[in-house]
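As structure tokens, the structure follows; a few thoughts come after it.
The values are calculated or read from the model by the stated rules, or taken from the named source; none is laboratory data. None of the values given here were measured: they were computed from a predicted structure. Reconstructed Cβ throughout: ideal geometry from the backbone, glycine too, with neighbour counts over all protein chains shown. Accessible surface is based on the protein model in full, side chains and every heavy atom, while ligands, DNA and RNA are left aside. Shrake-Rupley method; radii C 1.70, N 1.55, O 1.52, S 1.80 Å.
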Amino acid sequence: MTKKMTFGERLVMLRKKAGLTQDQVAKKAGITREVYNSYEKGIRTPRLEYLKRLADALETDYNGLIGDWPSVLDVKVQIQEAIKDLEELRDCEIDICCTSLRRQKRK
């Protein structure tokens, strides 16, 4: 099974295909290079208004830009499956998970 390309990976691929630097794409899209870099790294996700600007800057359309993003239905099914899994946990397993999450939060 092939791995779906993340949004950030797709941005990198499209940017390199267009022969542009991060700074050039950012300027064309009207954002800072730091913000654009955070999109490529997957730290941030652009708001809808910036998707059009990014698509134009990278000479593509929405489909070319978002390509393999999961549909809302796919995400909903994944959430429902996760909730079902959580509901099947025993109390002691829930305690272990909560303790682990608290430790992670402190770091």
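Considering only Arg90, Arg44, Arg33, the mean-square fluctuation computed in a Gaussian network model of the chain, springs between alpha carbons under 10 angstrom, is largest for Arg90.
Under the simplified labelling scheme, the Tyr62-Thr6 pair shows an inter-label distance of 2.4 nm, with each label point 7 Å from Cα along Cα→Cβ.
Taking R0 as 30 Å, what FRET efficiency do you get between Val77 and Asp23 from their Cβ-Cβ distance, rounded to the nearest 0.05? Approximately 0.15, to the nearest 0.05.
Restricting to Cα pairs below 8 Å that are 6+ residues apart, what does the relative contact order work out to for the range 1-58? Please round to a whole percent.
This gives 38 percent for the range 1-58.
Distance between the pseudo-spin-label points of Lys52 and Ser100 (7 Å out from Cα toward the beta carbon): 4.4 nm. Separation of the alpha carbons by more than 32 angstrom is noted, of Lys4/Lys105; Lys4/Lys28; Lys28/Lys105; Lys84/Lys105, for Lys28/Lys105. Straight-line cross-link reach from Lys16 at under 19 Å between alpha-carbon atoms covers these aspartates and glutamates, not counting any fewer than eight positions away in the same chain: Glu34, Glu40, Asp56, Glu59, Asp61, Asp68. Pop out the carbon and sulfur fraction of the accessible area of the chain as a percent, whole number, probe 1.4 Å. The nonpolar share, carbon plus sulfur, comes to 55 percent. Eigen-decomposition of the gyration tensor built on the alpha-carbon atoms of the chain gives equivalent ellipsoid semi-axes of 36, 18, 11 angstrom, largest listed first.
On the beta carbon distance between Cys92 and Arg44, with R0 = 41 Å, the FRET formula returns roughly 0.65.
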